[in-house]
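*Asks:* Below is the structure I would like to discuss, written out as structure tokens.
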Amino acid sequence: VLPLAVGGALDPSSATLLNFTLGERYYQPYRPANVQLEGTAFGTYVSPDRDPKEVTWANRYRQGEDAVILAWDDATVTPEPGQTTEIDVLRASDRTVLQSYTGLTGTSYTIPYTAWQGESEFIIQVWSERDGYRSLQAHEIVMEMPSPPGWGASYGSSWGA
């Protein structure tokens, strides 16, 4: 590896030769694969109601996938020891985390209706976590819901002549 700067690359004759063997894989767990929100994997899930929603995923094992990387939709595998899944519910307008569910094991979780907090558009993020390290990336699915019950924003618009 030769440093590169504005003036160009270091001359190979000036570089110090170092020999080493790569031994450890990256320490963050792989993100979950085949993540789905009520059957929707990518894009936007438009919910017909404000009921609880099921999120499913397939676990991945970074130390076991050293020869062939599994496809997105391959079956789940046993995760590495201590690896769990985390789900964050974010307000879509400003990406504020409204609710987090951590320490999830298995391959599914039902997000309770209390997570919606009266909002109508969310981002659902699904991460892996192990020993305080989150996966480098999360999988995100946007969810749109009907407006919350109540008087509504147009209360009074139909009153009058």
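The values are calculated or read from the model by the stated rules, or taken from the named source; none is laboratory data. Just so we're clear, the structure is a prediction, and the values are computed from it rather than from any experiment. Cβ placement follows ideal geometry from the backbone for every residue including glycine, while neighbour counts extend to all protein chains displayed. Only protein heavy atoms, including side chains, enter the accessible area calculation; ligands, DNA and RNA are left aside. Shrake-Rupley method; radii C 1.70, N 1.55, O 1.52, S 1.80 Å.
*Asks:* In what sequence, largest accessible area first, do 85, 105 appear using a 1.4 Å probe?
*Replies:* 105, 85
*Asks:* Give me the mean projected area, in nm² to one decimal, of the convex hull enclosing the Cα positions of region 1-75.
*Replies:* Orientation-averaged projected area of the Cα hull: 9.9 nm².
*Asks:* Quickly rank 2-8, 30-36, 95-101 as a protection proxy: mean count of other C-beta atoms within 10 Å, highest first.
*Replies:* Top to bottom by mean Cβ count within 10 Å: 30-36, 95-101, 2-8.
*Asks:* Continuing with the same structure: What ranking of 72, 127 comes out by heavy-atom accessible area, probe 1.4 Å, highest first?
*Replies:* Heavy-atom accessible area, descending, gives 72, 127.
*Asks:* Quick one: order 69, 111 from most to least accessible surface, probe 1.4 Å.
*Replies:* Highest to lowest solvent-accessible surface, that is 69, 111.
*Asks:* Pairs of Cα atoms under 8 Å, at least six residues apart: use those to get the relative contact order of the chain, whole percent.
*Replies:* The normalised contact order for the chain reaches 27 percent.
*Asks:* What relative contact order, as a whole-number percentage, does region 1-93 give when Cα pairs under 8 Å and 6 or more residues apart are counted?
*Replies:* Value for region 1-93: 23 percent.
*Asks:* Could you give each residue of region 131-146 its phi-based ³J(HN,Hα) in whole Hz, using Karplus coefficients 6.51, -1.76, 1.60 with θ = phi - 60°, and x for Gly or Pro?
*Replies:* Per-residue couplings from phi come out as 6, x, 9, 8, 4, 4, 10, 10, 8, 10, 10, 7, 10, 10, 10, x Hz.
*Asks:* For the chain, report the % of Cα-Cα distances exceeding 21 Å.
*Replies:* Taking all Cα-Cα pairs of the chain, the fraction more than 21 Å apart is 58 percent.
*Asks:* Now for a separate question. Counting only heavy atoms of the protein chains, get the accessible area per residue of the chain (1.4 Å probe) and round it to a whole Å² value.
*Replies:* 64 Å²
*Asks:* Please report, as a whole percent, how much of the solvent-accessible surface of the chain comes from carbon and sulfur atoms (probe radius 1.4 Å).
*Replies:* Carbon plus sulfur share of accessible area: 53 percent.
*Asks:* Name the most mobile residue of 132, 106, 39, meaning the one with the largest mean-square fluctuation, in a Gaussian network model of the chain with Cα contacts below 10 Å.
*Replies:* Most flexible of the set in this elastic network: 132.
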